[in-house]
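Below is one structure, written out as structure tokens; the observations come after it.
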């Protein structure tokens, strides 16, 4: 390892050897205290001392930490031996709001896990060009409101890639990208979170080739009031395997994600220009796809820039398996009892405004029937139809054209 790669100083290089342990192959006659220091102390110092463009490596093993790690130097790669081989465990965390906080541009995080962080596992804030690859964020005790909110959590970023990673047990979202632009989320596995994958108040995102199972809600595309960035749009959700997302909602009371019904495959709320296509959705007690206005939550808002209505949601070419057999919402349960059969896979709440643009277009899905819940009318006259949303919209250009032909993980 050269001085330049690790940080441009002899001190950083020696600290790097502390982190790398046996990989450094330090001669026995060297007795520097830096070389015999605790590897976590070495890692913490290396993250402080690394020069722009440097590399910090996490050795193989499981390491216990009691406070957060931070990285604020641009151009750095933080790399472990693999998501199941280099494990940073925060079971005894006493301070810090996350496991790892990154506040620098052009950073690559790769090949390690963060377990049982007191707050978020990995938060990347206000950054450009972030790569998160071969990571694992997990709360190992199973679903609990005491788990941290977010697993992999870029927010207010430009240029985000999250790939080949795993998120398990988050009490809000396993993989969450918020208030960001130009996003690719691909080939990940999200399980046993409240929301598996969530794109919130963001523009231009491709979410594809992910396996999303056993969450409360599989994939969420939301726009919420009161946030600096408004007008989420241009999100493609395609070629994902979204199944059995029926875990009871375990979000802390009061969180907006606590309103997500268990048994939801894909949920779009107050977003626009969203294309949902070529997904496999099966075994969802509430619905395969739900399109909702923020108004259905009943929560007041006073944000003059906020638009609570969804618009131009394009749902086509999806394979809908069974859904609607055990809806986790009182109005839906009453409607199902009234009709004596499972609810349709595609559900719209019925909130609309005068507009030349359609709320929803749906065609070429394996099951065509849909339902307008008539939420504005108190659910008094829900409407069932196979052709209610028979219109077409132009396909979105997408963030990564190369992603359109990717081999999905279950093929």
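Only one of these conditions is not met by residue 300: (1) free of Cβ contacts under 8 Å to residues at least 60 places away in the same chain; (2) assigned to a strand (DSSP E or B); (3) over 20 Å from residue 379 (Cβ atoms). Which number is it?
Residue 300 satisfies all of (1) free of Cβ contacts under 8 Å to residues at least 60 places away in the same chain; (2) assigned to a strand (DSSP E or B); (3) over 20 Å from residue 379 (Cβ atoms) except (2).
Out of all the residues in segment 229-266, which are assigned to a strand (DSSP E or B) and closer than 22 Å to residue 365 by Cβ?
The answer is 234, 235, 236, 237, 238, 241, 242, 243, 264, 265, 266.
Within segment 143-171, track down each residue that is more than 18 Å from residue 257 (Cβ to Cβ), in contact (Cβ under 8 Å) with a residue 40 or more places away in the chain and not in a strand (DSSP E or B).
At the first step, the residues of segment 143-171 found to be more than 18 Å from residue 257 (Cβ to Cβ) are 156-166.
Now restrict to residues that are in contact (Cβ under 8 Å) with a residue 40 or more places away in the chain: 156, 165-166.
156, 165, listed by residue number.
Please verify whether residue 253 is surrounded by fewer than 23 Cβ atoms within 10 Å (Cβ to Cβ) and out of contact with any strand residue (DSSP E or B) (no Cβ under 7 Å at 6 or more places or on another chain), treating the condition exactly as stated.
yes
Yes/no per residue for (1) in contact (Cβ under 8 Å) with a residue 12 or more places away in the chain; (2) assigned to a loop (DSSP other than H, G, I, E, B); (3) under 16 Å from residue 272 (Cβ atoms); (4) touching a helix residue (DSSP H, G or I) at 6+ places or on another chain (Cβ under 8 Å):
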| site | (1), (2), (3), (4) |
| --- | --- |
| 350 | yes, yes, no, yes |
| 354 | no, yes, yes, no |
| 357 | yes, yes, yes, no |
| 361 | yes, no, yes, no |
| 367 | yes, yes, no, no |
| 380 | no, yes, no, no |
| 388 | yes, yes, no, no |
| 392 | yes, yes, no, no |
| 395 | yes, yes, yes, no |
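Evaluate the following for residue 226: is it out of contact with any strand residue (DSSP E or B) (no Cβ under 6 Å at 6 or more places or on another chain), in contact (Cβ under 8 Å) with a residue 40 or more places away in the chain, in a loop (DSSP other than H, G, I, E, B) and surrounded by fewer than 19 Cβ atoms within 10 Å (Cβ to Cβ)?
yes
Quick check on this structure: which one of 409, 308, 345 is closer than 29 Å to residue 163 by Cα, at pLDDT 95 or above and surrounded by 14 or more Cβ atoms within 10 Å (Cβ to Cβ)?
After ruling out the rest, the residue left standing is 345.
On the given criteria, is residue 49 surrounded by fewer than 16 Cβ atoms within 10 Å (Cβ to Cβ) and either at pLDDT below 95 or closer than 19 Å to residue 134 by Cα (or both)? Quick ask: steps written out before the conclusion?
Values: surrounded by fewer than 16 Cβ atoms within 10 Å (Cβ to Cβ): no; either at pLDDT below 95 or closer than 19 Å to residue 134 by Cα (or both): yes.
No; evaluated as a whole, the condition is false for this residue.
The values are calculated or read from the model by the stated rules, or taken from the named source; none is laboratory data. All values derive from a computational prediction rather than experimental measurement. Counting neighbours? That spans all protein chains shown, and the Cβs are built from the backbone with ideal geometry, glycine included.
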